[in-house]
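Chemist: First the structure, which I've put down as structure tokens, then a few questions once you've had a look.
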Amino acid sequence: MVYELLTLERRDDGVAVVTLTNGKVNPLSRELLGELKQAADDLAADLPGAVVITGGDRIFAAGADISQFGGPDEAAEIGPLFHDAIGAFAALPRFVIAAVSGYALGGGCELALGCDYRIASERAVFGQPEILLGIIPGGGGTQRLARVVGASKAKEMCLTGRQVKADEALRIGLADEVVAPEQLHVRALALAGEVARGALVAQGITKRLIDDGIETSLDDGLAMERDGFVEVFRSDDSQIGVASFLEHGPGKATFTGR
Ligand code: COA
């Protein structure tokens, strides 16, 4: 697949890096959303060890391409494009890290929210400014933001359109880490590389259980965990990890990813 609005790099350490390259402000146009969905599908078909999604230095992504908005008919087409593209990354059975430099607004913030973990540069700014256009977030913002920062903070952000700088994002849990701008990619790649060397089957099961578990009751979540705990023992890495512990002690296993 040839991408024009993003790059997809598969590194030797098992990390895949998706970089948005749609001009200066990275608007999430229909075309870019299509390429993002395709990239997620390509990754699902040949899974890497971990994924990093990043954008430009000054602008991670400025949100939906406002020039493509019209009326309800256009919205009925654009909304699913957002949900499909971001949902496809969220569904990957691998750790997906957003490395956010500069503005992550609207759909940019929503793309970061669809990732499992957000590392922000000190210059990062998050926000859901749709209300200032008289509209609402359409890429998962009303749902994923509330799950990450809580309902009241999500309402305040979405109802005012206020932008949140990196230090506040860290405080409210919207960013998981904040690092100096020159460390952003270094840190994201180091974390992704560490995870990519890990027990990938167990990671995929864990991610699924956490994501599905927070949507259900504790009892149902624990039932899912019991099944997952059986499932994971079918992996090669469970045998490798347990045998390595018994022979060499903790943290010495070399996993195969199977
Ligand atoms: N969709 C389409 N075009 C956009 C855009 C978007 N989401 N965001 C910015 N642009 C365009 C601007 O219209 C401008 O076009 P022009 O050069 O033809 O005039 C160009 O990108 C640069 O934007 P500008 O605002 O001049 O740059 P800036 O560096 O001062 O600010 C942002 C950058 C991202 C902070 C600012 O553009 C912004 O707030 N964008 C809108 C964010 C938003 O509301 N997103 C939610 C969409 S639902």
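Chemist: Scan the stretch 3-20 and tell me whether some residue there is at pLDDT 95 or above, among the aromatic types (Phe, Trp, Tyr) and more than 16 Å from the ligand (Cβ to nearest atom). I'd like the intermediate steps shown before the answer.
Modeler: Kept after step one, since they are at pLDDT 95 or above, are these residues of the stretch 3-20: 3-20.
Still in the list and also among the aromatic types (Phe, Trp, Tyr): 3.
From what's left, more than 16 Å from the ligand (Cβ to nearest atom): 3.
The answer is yes; a qualifying residue exists.
Chemist: Here is a list: 141, 102, 108. Which entry is free of Cβ contacts under 8 Å to residues at least 40 places away in the same chain and either touching a Ser or Thr at 6+ places or on another chain (Cβ under 7 Å) or open to solvent by less than 10 Å² (accessible area, probe 1.4 Å) (or both)? Before the answer, list the steps.
Modeler: Working: 102 fails: free of Cβ contacts under 8 Å to residues at least 40 places away in the same chain; 108 fails: free of Cβ contacts under 8 Å to residues at least 40 places away in the same chain.
Checking each option against the conditions leaves just 141.
Chemist: Among (1) away from the ligand (no atom under 11 Å from the Cβ); (2) touching a strand residue (DSSP E or B) at 6+ places or on another chain (Cβ under 6 Å), where does residue 63 come up short?
Modeler: Checking residue 63 against (1) away from the ligand (no atom under 11 Å from the Cβ); (2) touching a strand residue (DSSP E or B) at 6+ places or on another chain (Cβ under 6 Å), the one that fails is (1).
A quick yes/no check of all residues on (1) free of Cβ contacts under 8 Å to residues at least 60 places away in the same chain; (2) open to solvent by less than 60 Å² (accessible area, probe 1.4 Å):
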residue: 12; (1), (2): yes, no
residue: 15; (1), (2): no, yes
residue: 20; (1), (2): yes, yes
residue: 46; (1), (2): yes, no
residue: 51; (1), (2): no, yes
residue: 57; (1), (2): no, no
residue: 66; (1), (2): no, no
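Chemist: Residues that are touching a helix residue (DSSP H, G or I) at 6+ places or on another chain (Cβ under 6 Å): find the helices (runs of 4 or more DSSP H) completely inside the stretch 151-258 holding 1 or more of those. Don't jump to the end; show me each part of the working.
Modeler: On the way: elements: 151-160, 166-172, 184-196, 200-213, 218-232, 236-248.
Ranges flagged: 151-160, 166-172, 200-213, 218-232, 236-248.
Chemist: Here's something else I'd like to know. Among (1) within 16 Å of the chain's Cα centre (by Cα); (2) open to solvent by 10 Å² or more (accessible area, probe 1.4 Å); (3) more than 16 Å from the ligand (Cβ to nearest atom); (4) not small (Gly, Ala, Ser), which single condition is residue 83 missing?
Modeler: Condition (3) is where residue 83 drops out.
Chemist: If we keep just the residues of the stretch 22-35 that are free of Cβ contacts under 8 Å to residues at least 40 places away in the same chain and among the polar types (S, T, N, Q), which is least open to solvent (accessible area, probe 1.4 Å)?
Modeler: 29
Chemist: While we're here: Which of the residues belonging to the stretch 111-137 are outside any helix (DSSP H, G or I), open to solvent by 10 Å² or more (accessible area, probe 1.4 Å) and out of contact with any strand residue (DSSP E or B) (no Cβ under 7 Å at 6 or more places or on another chain)?
Modeler: Selection gives 123, 134, 135, 136, 137.
The values are calculated or read from the model by the stated rules, or taken from the named source; none is laboratory data. The shown structure was predicted, so the numbers you read here are calculated from the model rather than taken from an experiment. Positions of Cβ are generated from backbone atoms using ideal geometry, with glycine treated the same way; all protein chains shown enter the neighbour counts. Just so you know, the surface numbers come from the protein's heavy atoms only, side chains and all, with ligands and any DNA or RNA stripped out. Shrake-Rupley method; radii C 1.70, N 1.55, O 1.52, S 1.80 Å.
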